[in-house]
Amino acid sequence: MTVVISIGGSVLVKDFDYERIGKYAEVIKQIAAHDNVFVVTGGGNVARDYISVARKLGANEVSCDFIGIEVTRLNASILIAALGSTAYPEVPTNYREAENASSFPVVVMGGVAPGQTTDAVSAVLAEYVHAKKLLIATSVDGVYTADPKRNPQAKKLPRLTPGELVDIVMKIGIKAGSNSPIDALAAKIIERCGIHTIIFNGSNPENILEAIKGAHNGTEINSQKT
Ligand code: UTP
C-alpha cells in the first residue's frame, strides 16, 4: 500500500538532535520495507524564526511563505541524508516530480506553494498518489472540540468524519493566533478525497509505527465513522 506521512518540523528537528532524526529515518525504513512511502516535512521553529525576521525586515507574507518553504525543504534534505539509499536523493518541488520518483522506496518533500502549510501538501500528495492512508505526525495529540490552549474544557475527539473535521478546523482556525491541528485547506482536501487520515502526536518516532497499525491516541478521520 502507499502511505503519506506528514512529519511536523517541530517534532522532526526538535532541538536539532541528529539521533532523533536518525530514529525517524529508522521508523520510515521499517515502513518502507512493505509500503511505498512519501514523507512531507514541516519547517518547525527554524521556519518560524526565519519568517519572523523576514517580516520585521518588511517582507510581505508571500515572501515569508517562500522562506518557510525553503526551510521545509532543508528539513526534507536532512531526513533524506538520514535515509541514505532508501530515499530518492532529491527534494521534489512539485507533486508530479514526487510521483515520478516513486520507484524509490521513500520520497521526501517539503512545501510547494505560498498560502498554505505542509499539512495541505501532504493531503494533496495523498490524493495524487492514491495513498491508502495519510498519517499526520504533529506536536499536538489530535483534534479537540476547541483550541485546548484557550479552552480547558476542550475534549479530544478520537473519531471524526471529514465533514466534522472541516467544521472544527474552520471554527478554531478563524480566531487569530489560535492553534488549529491542521490547516483549513488540508481539511478540505481530506474531505474531497475521503482519505483515511490519522492526526496524532508524533513527538516519539515510534508513534508513527503504532499509528500505521491503527494503535494511536490521536484522531482518526474516516468517511465511515464507526
Ligand atoms: P509548516 O508546514 O511547517 O507550517 O510550514 P506550520 O504550520 O508552521 O508547521 P507546524 O505544523 O506547526 O510544524 C512552515 C511555513 O512554510 C510556508 C508557510 O509560511 C508555513 O507557515 N509554507 C509551507 C508555504 O507557504 N507553502 C507550503 O506549501 C508549505
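Taking every alpha-carbon pair under 8 Å whose residues sit at least 6 apart, the chain reaches a relative contact order of 23 percent. For region 113-141 and region 1-67, what is the centre-to-centre distance using only Cα atoms, to the nearest Å? Centre-to-centre (Cα) distance: 12 Å. Take 1-11, 27-37, 145-155 and order them by the average number of nearby Cβ atoms within 10 Å per residue, most first; the result is 1-11, 27-37, 145-155.
Count the DSSP beta bridges whose two residues both fall in the chain, then state the antiparallel fraction as a percent rounded to the nearest 5. Counting DSSP beta bridges with both partners in the chain, the antiparallel share is about 15 percent.
In terms of the mean number of neighbouring beta-carbon atoms within 10 Å, the peptides 199-211, 84-96 order highest first as 199-211, 84-96. Rounded to the nearest whole Hz, the Karplus-based 3J(HN,Hα) values (6.51 cos²θ - 1.76 cosθ + 1.60, θ = phi - 60°) of region 21-35 follow the sequence 4, x, 5, 4, 4, 4, 4, 5, 4, 4, 5, 5, 5, 10, 10, with x at glycine and proline. With the convex hull drawn over the C-alpha atoms of region 95-209, the volume per residue is 114 Å³. Residue 204 sits among other residues whose Cβ lies under 15 Å from its own Cβ, and their net charge, with Lys and Arg +1 and Asp and Glu -1, is -3. Pairs exceeding a 22 Å alpha-carbon distance, out of 29/132; 132/171; 56/188; 149/213; 29/133: 132/171; 56/188; 149/213. A simple charge model with +1 on the Cβ of Lys and Arg, -1 on the Cβ of Asp and Glu and nothing else charged puts the dipole of region 86-152 at about 180 debye relative to its Cα centre. Sorting the segments 112-118, 186-192 by their residues' average number of neighbouring beta-carbon atoms within 10 angstrom, most packed first, yields 186-192, 112-118. Note: the chain, Cα convex hull, 116 Å³ per residue.
We did not get these values from a lab; they are worked out from the coordinates using the rules stated. These figures come from a predicted structure and were not determined experimentally. Backbone-built Cβ (ideal geometry, glycine too); neighbour counts: all protein chains shown.
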